[in-house]
1. Using r as the Cβ-Cβ distance of Arg350 and Ile293, and R0 as 25 Å, what FRET efficiency do you calculate, to the nearest 0.05?
2. What's the ranking of 130-139, 250-259, 449-458, 43-52 by average number of surrounding C-beta atoms within 10 Å, highest first?
3. On a 0 to 90 degree scale, rounded to 10, what angle separates helix 326-345 from the longest Cα axis of the chain?
4. How much of the pair distance distribution for the chain lies past 45 Å, counting alpha-carbon pairs only, in percent?
5. Averaging sequence separations of C-alpha pairs under 8 Å and six or more residues apart, then dividing by the length of the chain, give the relative contact order as a whole percent.
6. Specify the angular offset, from 0 to 90 degrees and rounded to the nearest 10, of the alpha carbon long axis of helix 381-402 from the longest principal axis of the alpha carbons in the chain.
7. Using only alpha carbon pairs under 8 Å that are at least six residues apart, calculate the relative contact order of the range 390-539 and give it in whole percent.
8. How high is the relative contact order of the range 332-459, in percent, counting Cα pairs under 8 Å that sit 6 or more residues apart?
Amino acid sequence: MPPSRDTDAVDREERSVSTQGVRKTGLWENRRILLVTLYLGISLFEYGFDKGAIAGFQAMPGFLMEFGYQTPQGKWAIMRTPQQIISSFMILGAFVGSLLTGPIGSRICRRHLIMLSSLLIIVSIVIMAQTTSFGALYFSRFLCGVANGLLLNSTLVYLQESAPPHFRGLCFGLVTSWIVIGTTVGFVINDRTADMHSRLAYQIPLYICFPAPVILILTLPFLPESPRWLINHNKPEEALKSLRFLRKGAYDEVAIQQELEEMKLVAAREAETEKSWRLMFELFKGPNLRRTIICVGVGTANAGVGAMFILAFGTYFLSVAEVGDPFMWTIISNCVGLAGLITTFFVVTRVGRRSIILAGCLICTVCMIMMAAIYTADLSKHNAGIGLITVVSIYLFGFNFGLEPYVYLVAGELPAQNLRGYTMGLAAAVSFTFGWLTAFTTPYFINPSELNWGPKYGYIWFPAGLIVTAFVYFMLPEVRGRTLEEIDEMFRNNVPTKDFQTYVCVEVEQARERGALNVRAMDKLQSNEKVDETRVEKA
């Protein structure tokens, strides 16, 4: 018997409600998740500050008097080996910390992992500031790297699992802006203390690192856990509470229930996967292999365009190139880079992240060849210095506009839910490996006592940048506005890269229908209860 017109109308109404999915509400309605994002950025401040501060230490007389040597001309310098180890051991530690993010994060929640990492940072800072031993200094750099690897990945994974899909790119731009802010603050503090001929020259910048991890340890217990982590650990009620907190003011109950049903759908499918150290091997099986290749490939984009060369050795590099006050020019060029990061905030919600990453790769790659060409040409020292500073500034603008916020975003949003910590950790670990190789080998190329190439080192990075750009163009799909569950379904169904934006996710649509029907059922139940109460009162 065909359904009545009234039944048809009800079905159409239910389907209309159920397929609305996640609302694309505005900034003000999503202010709570944006505030959470800015708060979590505190955890990345120390990572950025470390990059800026340590790069400046290598040009400080106060630091070199303790860990360097004095030349016959009366200048202070640093030997190649300490220069290599100071920069590279931090990256080596970050490699270890990144690999540990998945196994540890599968057992303890994201917030507790951030708190543990913050405690390790405090310990490493104390050792670094107080020691006069090379061995203790190297150990503190390694420990700092482990802490930063755990901190960076656990913070970004939390944000991946908590941000709404249409603001995920913006949230990552905001949170990673703390890295650039930290680097800039590190450069500014270094500039103020650089002329001190005592250990205070580098101890003061180190002590300024303390507030960030202390704030996190004291305040993180008041933040709800990632809803997807809770779902994966069989805590649906807590996950619902977390979602209601994070989406308050932006989503109604229907949208929240729909999002929860999407998470349950993926969690139920992944529950059959063995949760042990063998889970790591799942990264290289079936559809996960494609995800892993893309995440690792894009994750190495930072290293592939030579970022560590500019970021870790920037101040020393400019001092060797004799462009005037290296600390002042480093601050100025870094502020230009900060402008690039601010610019991307206005673009990311309108333009796909794939296009933005491609633009960042191209800018950085072209800058490398320009930098090498300027110092190959027979220019006056003054003109070459101006050209070098200009190119470095443009490089940092492009890097912060198109790469710094988004390589971690891609590495975290493409993996399967139960493998997110593992995949993102692996991508970061491989990226840190290439960064370590850069930090370890760069002194051979730029140190005056070695090859003394200086800015001509850019010739090495130009072809590397071209390879990275080609990989992004052919392999990276566009997933702007997609939920993590939609992305999961598309990879499982082997959707071609070019079709990601137009593909209709059937399983996710069905989950959204169930979420809407759950809300309708709860409303009917509450309505019936009220009717029953009224009848009892009348009786």
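The values are calculated or read from the model by the stated rules, or taken from the named source; none is laboratory data. Worth saying up front: this structure is predicted, and the values here are computed from it rather than measured. FYI the Cβ positions are ideal-geometry reconstructions off the backbone, even for glycines, and counts take in every protein chain you see. Side chains included, ligands, DNA and RNA excluded: accessible areas come from the protein's heavy atoms. Shrake-Rupley method; radii C 1.70, N 1.55, O 1.52, S 1.80 Å.
1. 0.30
2. Working: 130-139: 13.9, 250-259: 21.6, 449-458: 17.3, 43-52: 26.1.
Listed from highest to lowest mean packing, they are 43-52, 250-259, 449-458, 130-139.
3. Tilt of helix 326-345: around 20 degrees.
4. 20 percent
5. For the chain, the relative contact order is 24 percent.
6. With both axes taken from Cα atoms, the answer is about 20 degrees.
7. Relative contact order comes out at 14 percent.
8. Relative contact order for the range 332-459 comes out at 33 percent.
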